[in-house]
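For reference, the structure is listed below as structure tokens.
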Amino acid sequence: MNWWRNLNPVKNKTIIRGEIFNGIKGKIRLAEPLKNHTTFKIGGPAKFFIEPKDANDLKLLLSLVKRYNLPIFVIGRGSNLLISDKGINGVVLRLNAPYFKKLSYRNNYLNVGSGVSLSKVVLFAGEYGLSGAEFLAGIPGTVGGALAMNAGILEKVHSSEFIVHSMGDLVETVTVMDYNGKIKTLHKKDIEFGYRKSSLSKYIILGTAIRLAKENKKRIKERIKKYINYRKSTQDLSKPSAGCIFRNPKGHSAGRLIDLCGLKGKRIQDAGVSLKHANFILNLENAASRDVLQLMDLIKQEVRKKFNIDLKPEIKTWQ
Ligand SMILES: Cc1cc2nc3c(=O)[nH]c(=O)nc-3n(C[C@H](O)[C@H](O)[C@H](O)COP(=O)(O)OP(=O)(O)OC[C@H]3O[C@@H](n4cnc5c(N)ncnc54)[C@H](O)[C@@H]3O)c2cc1C
């Protein structure tokens, strides 16, 4: 067994003070409240919250994390996360330095760093008259999070006709780092994209090249507006949330099932089911992670009782 496996991250003082990370050039914060980094505004402290400066810094960080046997979690905008009130006894990594937030357009490809927000991608593409990314308008995540989750929407085109748009459709290549610090460029054919999941989540996603089509800027603007209005009319943006809590079971809308159980407005402490969209749980004031989890359990029980359907979470929980 390696000597470092015997180190206890809780007892070793050098680790507690973060001195093992002295060689890291990026930002390091100790006991950083994660509620400040999630759209739910929920989450206890991260023992170490680290934003590496560049790929070399990230590689060094990964080697230290491995040497001291610390758990590591990657966070984007935290818009699909429910994090424990106890926080994370390890490293939370965010690719927020300028190195990971580059955005450029060359030879028909948009090259985007994983730390770039989706709204910036949409605006940038619009300015260059590039179409295809408009459906991402209003999704409050980063490119890294959207690739890991294969974020997207189900667009209603007629009364019973829908089109699926998802992040994976846009991708030509994705650059990742594995947890041994090795950088790879993956082609679309090497990546599995599914309903709100992708095979990329086993890596640290560094960036992507996406291909968009030339289009009239005015029409792009109109489409962006349409998607934003659609979100405003269907989603509940009045309080902090993590978007849809449950995945839609095959052939069903999770929101509709929850609604039919009469659970709109149901509340546990400060966690409440939205009155507008039953698949949204809102942080009404000062909700704790356990309140949301209890409400999720209750919803699951009721939906199972009434429809014999098992709802599965869409959000990622770090508990
Ligand atoms: C109001 C609201 C509306 C929403 N609407 C939609 C919608 O219409 N469609 C939709 O699909 N989603 C929606 N979401 C959910 C969420 O915005 C998306 O899933 C988004 O893509 C998550 O991105 P993020 O950067 O916030 O990722 P996070 O929430 O920070 O992380 C999500 C997962 O991705 C992983 N991850 C993040 N960055 C990286 C990286 N660089 N490398 C490897 N793994 C990484 C994390 O470890 C985690 O497992 C909504 C959320 C909210 C709050």
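The sole residue among Ile153, Ile163 that is assigned to a strand (DSSP E or B), within 17 Å of the chain's Cα centre (by Cα) and at pLDDT below 95 is Ile153. Residue check: Thr39 meets all listed conditions (1) surrounded by fewer than 20 Cβ atoms within 10 Å (Cβ to Cβ); (2) part of a strand (DSSP E or B); (3) within 13 Å of the ligand (Cβ to nearest atom) but one, namely (2). State yes or no: is Ala278 closer than 23 Å to Gly44 by Cβ, part of a loop (DSSP other than H, G, I, E, B) and open to solvent by less than 30 Å² (accessible area, probe 1.4 Å)? When the stated conditions are applied, Ala278 does not pass them.
Phe124 satisfies every condition listed in (1) touching a strand residue (DSSP E or B) at 6+ places or on another chain (Cβ under 9 Å); (2) assigned to a helix (DSSP H, G or I); (3) open to solvent by 10 Å² or more (accessible area, probe 1.4 Å); (4) within 15 Å of the ligand (Cβ to nearest atom) except (4). Of all the residues in region 202-222, those that are loosely packed, with under 15 Cβ neighbours inside 10 Å and within 23 Å of Glu314 (Cα to Cα) number 1.
The requirement of being in the same structural domain as Tyr128 (by TED's automatic domain parsing), assigned to a helix (DSSP H, G or I) and within 30 Å of Thr185 (Cβ to Cβ) is fulfilled nowhere in region 230-248; no residue meets it. Among the residues in region 142-150, are any open to solvent by 20 Å² or more (accessible area, probe 1.4 Å), away from the ligand (no atom under 15 Å from the Cβ) and in contact with a helix residue (DSSP H, G or I) (Cβ under 9 Å, 6 or more places away or on another chain)? No - not one qualifying residue is present in region 142-150. Across region 171-201, what is the number of residues that are in a helix (DSSP H, G or I) and open to solvent by less than 60 Å² (accessible area, probe 1.4 Å)? Residues that pass the stated criteria total 2. Looking across region 83-112, the residues that are open to solvent by 10 Å² or more (accessible area, probe 1.4 Å), in contact with a Lys or Arg (Cβ under 9 Å, 6 or more places away or on another chain) and within 24 Å of Arg223 (Cα to Cα) come down to Leu103, Asn108, Tyr109, Asn111.
In region 83-103, the residues that are in a helix (DSSP H, G or I) reach residues that are within 13 Å of the ligand (Cβ to nearest atom) with C-beta atoms within less than 7 angstrom, at least six apart or across chains, in these pairs: Phe100/Gly113; Phe100/Ser114; Phe100/Gly115; Phe100/Leu206.
Would you check if there is a residue in region 303-311 being among the β-branched types (Val, Ile, Thr), surrounded by fewer than 19 Cβ atoms within 10 Å (Cβ to Cβ) and over 25 Å from the mean Cα position of the chain (by Cα)? Yes, there is a match, as at least one residue in region 303-311 is among the β-branched types (Val, Ile, Thr), surrounded by fewer than 19 Cβ atoms within 10 Å (Cβ to Cβ) and over 25 Å from the mean Cα position of the chain (by Cα). Contact annotation: no residue pair with Cβ atoms under 7 Å, 6 or more positions apart or on different chains, pairs a residue in region 165-193 that is not assigned by TED's automatic domain parsing to the domain that holds Ala151 with a partner that is modelled with pLDDT under 95 and within 11 Å of the ligand (Cβ to nearest atom).
The values are calculated or read from the model by the stated rules, or taken from the named source; none is laboratory data. What you see is a predicted model, and the numbers here were worked out from it, not measured in a lab. A quick note on method: Cβ atoms are made from the backbone with ideal geometry, for glycine too, and the neighbour counts reach across all protein chains shown. Accessible surface areas use protein heavy atoms only, side chains included; no ligands, DNA or RNA. Shrake-Rupley method; radii C 1.70, N 1.55, O 1.52, S 1.80 Å.
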